[in-house]
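Inspection log for the structure reproduced underneath, given as structure tokens.
The values are calculated or read from the model by the stated rules, or taken from the named source; none is laboratory data. Nothing here was measured: the structure is a model prediction, and the numbers come from that model. Quick reminder, even Gly has a Cβ in these numbers, built from the backbone with ideal geometry, and neighbours come from all protein chains shown. To get the accessible areas, we keep the full protein, side chains included, count just its heavy atoms, and leave off ligands, DNA and RNA. Shrake-Rupley method; radii C 1.70, N 1.55, O 1.52, S 1.80 Å.
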Amino acid sequence: GDAIILTKPIGTGLIFAADMRGRAKARWLEESIYYMTQSNKEAAEILGTHQASSCTDVTGFGLVGHLLEILNASKVRAKLCADSVPMLEGSAHCADSGIFSSLYPSNLQQCHSVENLAEARLKPAWPLLFDPQTSGGLLASVSSEKSVIVLKELHEAGYAKATVIGHVTEPSDRPEKLVVV
């Protein structure tokens, strides 16, 4: 199936929640601001050139929320590789410290859509999958055959942390379930 690509790291909600509590390091904020101010325009053009079959920006609903929107609209299921999701420096530390944004609890309700919930919750990236983003990256699906060239072009365009984070697994009349590995 198609490769699922994320163009920017996640974690802005966690980093800024920590900042509001006076617990964020300056370098965490600097990296967050760098990615928040990086335009998605060139990434969208690259994805369009390679016929992305779906594309959305990752914002307030978090990565899982936006991925579920794509899956439902496309009537497919997917496997998300949590260990492949790029994260901002310090974001995992914030989650481990129990620092979350105010939108996090409502986003976490999407966990009912994760088919292998008990296993998925053990992943270090688990809390970040529900973190609301400000000016997040693009989440897109492209044919697996094109994913290497798409990533090469994204990296050359300055999207250094763009990566494949999963794959479409099958068509489905009930795409509301997601597997997190």
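Miscellaneous remarks
- Single residue of the stretch 20-37 satisfying the filter (of a type outside the set (Phe, Trp, Tyr) and touching a residue at least 60 places away in the same chain (Cβ under 8 Å)) that is farthest from LEU88 (Cα to Cα): ARG21
- Summed over the stretch 121-150, the residues that are over 15 Å from the mean Cα position of the chain (by Cα) and either farther than 15 Å from LEU80 by Cα or open to solvent by less than 10 Å² (accessible area, probe 1.4 Å) (or both) give a count of 8.
- Pairs where the first residue, in the stretch 57-83, is within 24 Å of SER39 (Cα to Cα) and the second is of a type in the set (D, E, K, R), C-beta under 7 Å, 6+ apart: GLY62/ASP131; LEU68/GLU176
- Residues within the stretch 153-179 that are β-branched (Val, Ile, Thr) and more than 23 Å from TYR35 (Cβ to Cβ), tallied: 3
- Test: residue in the stretch 63-81 that is hydrophobic (A, V, I, L, M, F, W, C), open to solvent by 30 Å² or more (accessible area, probe 1.4 Å) and in contact with a helix residue (DSSP H, G or I) (Cβ under 6 Å, 6 or more places away or on another chain): no
- From the list GLU176, GLU156, the one residue that fits, being farther than 16 Å from GLY1 by Cα, modelled with pLDDT under 95 and surrounded by fewer than 20 Cβ atoms within 10 Å (Cβ to Cβ), is GLU176.
- Evaluated against (1) without any contact (Cβ under 8 Å) to a residue 24 or more places away in the chain; (2) assigned to a loop (DSSP other than H, G, I, E, B), SER101 falls short on exactly one condition, (1).
- Subset of the stretch 40-62 that is more than 16 Å from the chain's Cα centre (by Cα) and open to solvent by 40 Å² or more (accessible area, probe 1.4 Å) - its residue that is nearest to GLN133 (Cα to Cα): LYS41
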